[in-house]
1. Which ones in region 18-44 are open to solvent by less than 10 Å² (accessible area, probe 1.4 Å) and assigned to a helix (DSSP H, G or I)?
2. Of all residues in region 137-156, which are without any contact (Cβ under 8 Å) to a residue 12 or more places away in the chain, open to solvent by less than 100 Å² (accessible area, probe 1.4 Å) and not in a helix (DSSP H, G or I)?
3. Restricting region 45-59 to residues that are open to solvent by 20 Å² or more (accessible area, probe 1.4 Å) and assigned to a loop (DSSP other than H, G, I, E, B), which is nearest to N87 (Cα to Cα)?
4. Tell me yes or no: at least one residue of region 112-127 is at pLDDT 90 or above, under 26 Å from T52 (Cβ atoms) and not in a helix (DSSP H, G or I).
5. Going through region 60-100 one residue at a time, which ones are open to solvent by less than 50 Å² (accessible area, probe 1.4 Å), without any contact (Cβ under 8 Å) to a residue 40 or more places away in the chain, among the aliphatic types (A, V, I, L, M) and assigned to a loop (DSSP other than H, G, I, E, B)?
Amino acid sequence: MPQKNEVIYNRSVPYNTEAEIYVLGSVFIDNKIIDGLIGKLVEDDFYEPRHTMIYRAMVNLRNNGNKIEILSVVEELKRLNYADVANISNYLVEIVDSVPSTASVSLYIEIVEEKAIERKLLHNMQELSDDILNHKYELNDMLDKVEDRIKEVTKLRRTSDFKTL
């Protein structure tokens with residue numbers, strides 16, 4: 001058990017590679033899924049840089065009215081000057097092949113969302129921790145800043161779908 005002032009270094013940033021892969025793979029299998037993703041997920045919600053770029057390419061294709069297929073995503077990645085285009089085709093095939101079922105895509109999306117929110121919260125808390133350790137603010141100002149950061153992250157969590165009146 002760590003001592004009071006001991007730092008634990010064997011922790012990692014929250015992410016779930018499988019969920020990210022399943023979300024992207026589900027879009028390849030059923031292009032209509034991208035419509036449900038836009039507005040729920042943004043590029044930065046993907047932890048893996050390759051997944052961020054793949055999602056960006058998919059959104060661009062959708063916004064331009066193009067079909068989302070492996071070849072069209074590769075071409076869009078080339079257009080976006082993605083550095084590792086030479087190795088991406090095989091990876092995209094692996095993504096599609098790994099999807100167990102598109103029926104569970106909402107679960108995969110939820111996991112990606114949750115991990116992204118956890119990372120944003122972690123980032124905010126690290127910044128606040130640095131501010132405290134550096135005595136950057138007076139106590140009341142610091143408490144206000146903590147409250148603002150918590151509210152900022154809490155707003156990211158959508159607990160239900162919007163309903164029309």
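1. Hits for region 18-44 are A19, E20, V23, L24, G25, S26, V27, I34, L37.
2. Within region 137-156, just Y137 meets the criteria.
3. Filtering region 45-59 for residues that are open to solvent by 20 Å² or more (accessible area, probe 1.4 Å) and assigned to a loop (DSSP other than H, G, I, E, B), the one nearest to N87 (Cα to Cα) comes out as E48.
4. no
5. Once the filter is applied, which keeps residues that are open to solvent by less than 50 Å² (accessible area, probe 1.4 Å), without any contact (Cβ under 8 Å) to a residue 40 or more places away in the chain, among the aliphatic types (A, V, I, L, M) and assigned to a loop (DSSP other than H, G, I, E, B), region 60-100 yields only L80.
The values are calculated or read from the model by the stated rules, or taken from the named source; none is laboratory data. None of these values were measured; they are calculated from a predicted model. Note that each Cβ is placed from the backbone with ideal geometry, even for glycine, and that neighbours are counted across all protein chains shown. Note: areas computed on protein heavy atoms with side chains; ligands, DNA, RNA excluded. Shrake-Rupley method; radii C 1.70, N 1.55, O 1.52, S 1.80 Å.
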